[in-house]
Amino acid sequence: MIWKFFSKAHPNRELFTYIKNTFHVKPNNLALYETALRHASAADEIQPGIKNSNERLEFLGDAILDSIVAHYLFSKYPALTEGELTKMKSKIVRRDNLNSIGYELKLYEFLNVSIGRQEIHESLIGNALEALFGALFLDKGYKITREIALKLLKEHGLDERVHLDVDYKSKLHEWGQKTRRHLVYIVREQRSTGAQMLYTIALELDGKEVGRGTGGSKKAAEQSAAAAAAKVIMTN
């Protein structure tokens, strides 16, 4: 997607309100957020040759976001390998996902750019979002930035994205064979919503339920149950 727009910087009061309403924190250093939303084209107008665009904050924000997502995945999915975790992380912090989140947050309304009415690719929005994470880190610290980032990512499908290519059922089957433990999937509920069937399936380990999932097919429900069980089983 490509937008055509030409935006000027909003007054400080409007930006303060935007940051407060969007991230639910009061900025201490508003200048950081102004810089995060300032494209290099606008920075050159202010002071040619001086690096006061959002590029440095984008670099910092990218590293902070990588750290936040890596920590989250490492803690939540102890059964996954390094390669699987890396693949998951790349899905979450990929450019089109950040562009989409930035667009839904309406960052384009607050970007300070000065490149005429030429076409601007949506990656500019994702870059600004990363720069805002950098600004949040410098202004509020890692803990608050982590809370804000994870909340935003979860609202935009973080947990759904990470499950797309992970076959938890196969992983638990292999684990059961190696440890000689008995895993059984049991249908707890089967009902029609009119448009489709919904299945609720429980996964039992040696006769004790360790996970439960729901899906539009038995296979999907079993995968959901296996994903829930993997966290329990692999941390015990």
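Taking packing as the residue-averaged number of other Cβ atoms within 10 angstrom, the listed peptides 53-66, 174-187 run from highest to lowest as 53-66, 174-187.
Listed values for the range 91-107 are Karplus-derived 3J(HN,Hα) couplings in whole Hz (6.51 cos²θ - 1.76 cosθ + 1.60, θ = phi - 60°), namely 5, 6, 9, 4, 4, 5, 5, 5, 4, 5, 5, x, 5, 5, 7, 6, 4, and x replaces Gly and Pro. Taking a Cβ cut-off of under 15 Å around Val210, the surrounding Lys, Arg, Asp and Glu residues balance to a net charge of +3, with basic ones at +1 and acidic ones at -1. Value of Rg to Rh for the range 168-233, rounded to two decimals, is 1.02; Kirkwood radius and Rg both from alpha-carbon coordinates. Cross-linked pairs Lys89/Lys169; Lys89/Lys171; Lys140/Lys231; Lys76/Lys169; Lys89/Lys178: Cα-Cα separations exceed 24 Å for Lys140/Lys231; Lys89/Lys178.
Here the gap between His24 and Trp175, fully extended at 0.36 nm per residue and compared with their Cα-Cα distance, gives a gain of 50.1 nm.
Just so you know, all these numbers are worked out from the coordinates, no wet-lab data involved. Predicted model, so just to flag it, every value in this text is computed and none were measured. In this analysis, Cβ positions are derived from the backbone assuming ideal geometry, glycine residues included, and neighbour counts consider all displayed protein chains.
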